[in-house]
Amino acid sequence: MILFINPNSSAHMTESIVAAAREALPGVAIEGWTNAEGPVAIQGAEDGEAAVPGLLALLPAAKAAGARAIVIACFDDTGLAEARAAAHCPVIGIGQAGYHAATLFGARFAVLTTLAVSVPVIAGNIAAQGFAGACTEVRPSGYGVLAVEEGAPQVLADLRQGLAELGAAGAEAVVLGCAGMCTHHAALQEGMPVRVVDGVRAAARLAEALAGL
């Protein structure tokens with residue numbers, strides 16, 4: 001079983017994440033757990049720090065449930081280092097998976113995320129994980145996590161405009177910088193001249209590969 005742990009407390013987002021992961025890996029057992037102790041959305045460093053204790057508290061149950069790999073289902077890769085150090089199995093983050101996927105395509109990539117408060121966290125992760133030389137920009141869309149997940153027509157139109165602008169500015173791929181965007185991947189990719197990478201789907205496939213190793 002591959003386990004996606006959503007560090008925030010929004011169970012509806014966990015459901016969307018699991019649906020996207022199962023679409024990417026049909027036939028593979030995938031479960032999603034929600035951190036009931038976390039904030040409703042993770043937007044910036046403070047929210048991330050608040051989510052870590054509850055996330056780590058789920059690891060013993062993950063081992064008991066037989067998880068072969070764990071995916072941190074927040075683009076900020078919340079608690080990734082701590083979970084990797086404590087878990088019994090491979091742990092990856094959807095941000096990390098998105099960066100790897102983009103560069104494996106041979107692309108210089110940009111990230112389109114939610115609010116400006118998330119940019120320093122994401123940029124720090126990109127640098128710490130060794131992708132700074134491949135990343136052209138981390139751009140906020142101005143929409144919060146829950147608004148992005150809901151995906152109203154104007155929100156999707158603005159996200160598509162942001163993707164097109166990042167492509168025109170030199171990015172060969174754009175990584176969707178929020179787990180809530182996974183539901184809209186097809187709509188965002190359609191007709192877009194730049195490759196759009198969804199970290200949830202990338203993480204599902206990479207987690208299965210790591211579990212096999």
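Ligands, DNA and RNA excluded, the heavy atoms of Ser9 present near 40 Å² of accessible surface to a 1.4 Å solvent probe. Surface composition of the range 97-151: carbon and sulfur atoms hold 61% of the protein heavy-atom accessible area at a 1.4 Å probe.
Within the assembled protein chains, the solvent-accessible surface assigned to Met1 is about 30 Å², based on a 1.4 Å probe.
For the range 128-143, the Karplus equation 6.51 cos²θ - 1.76 cosθ + 1.60, evaluated at θ = phi - 60°, returns couplings of 5, 8, x, 9, 4, x, 9, 9, 7, 5, 10, 10, x, 8, x, 9 Hz by residue, with Gly and Pro reported as x. Here the relative contact order of the range 131-213, from alpha carbon pairs under 8 Å that lie six or more residues apart, stands at 27 percent. Given their separation in residues at 0.36 nm each and the Cα-Cα distance between them, Ala11 and Met192 gain 62.1 nm when the chain is fully extended. Estimated at the nearest 10 Å², the accessible area of Phe105 is 120 Å² with a 1.4 Å probe. Electrostatic bookkeeping for Thr136 treats Lys and Arg as +1 and Asp and Glu as -1; over the other residues with beta carbon under 14 Å from its beta carbon, the sum is 0.
From Cα pairs below 8 angstrom and at least 6 apart in sequence, can you work out the relative contact order of the chain, rounded to a whole percent?
24
At full extension, Glu137 and Arg108 could sit 9.5 nm farther apart than now, given 0.36 nm per residue minus the alpha carbon distance.
If we count every other residue with Cβ under 14 angstrom of Ser9's Cβ, Lys/Arg +1 and Asp/Glu -1, where does the sum land?
Within the 14 Å Cβ shell, the charges total -4.
Centre-to-centre separation between the Cα atoms of the range 169-213 and those of the range 89-112: 8 Å. Test of understanding: in a Gaussian network model of the chain with alpha carbons linked when under 10 Å, which of Gly124, Gly27, Gly54 would top the mean-square fluctuation ranking? Most flexible of the set in this elastic network: Gly27. Listed options for semi-axes √(5λ) of the Cα gyration tensor in Å are [x] 30, 20, 17; [y] 32, 22, 18; [z] 25, 18, 16. The value calculated from this structure is the one marked [z].
Between Glu82 and Glu37, the modelled label-to-label distance comes to 0.9 nm, taking each label 7 Å out from Cα in the direction of the beta carbon. Provide the net charge surrounding Ala61, with neighbours chosen by a C-beta distance below 15 Å and charges set as Lys +1, Arg +1, Asp -1, Glu -1. Once positives and negatives cancel, what remains is 0. Here the calculated FRET efficiency for Ala211 and Glu46, from their Cβ-Cβ distance with R0 = 41 Å, stands at 0.80, rounded to the nearest 0.05. Calculated mean residue ellipticity, 222 nm, the chain: -14000 deg cm²/dmol, from DSSP H runs (n ≥ 4) at -39500 (n - 2.57) each, averaged per residue and rounded to 500.
The values are calculated or read from the model by the stated rules, or taken from the named source; none is laboratory data. Remember, it's a predicted structure, so these values are computed and weren't measured experimentally. Methodologically, a virtual Cβ is constructed for each residue, glycine included, from the backbone with ideal geometry; neighbour enumeration extends over all protein chains shown. Accessible surface is based on the protein model in full, side chains and every heavy atom, while ligands, DNA and RNA are left aside. Shrake-Rupley method; radii C 1.70, N 1.55, O 1.52, S 1.80 Å.
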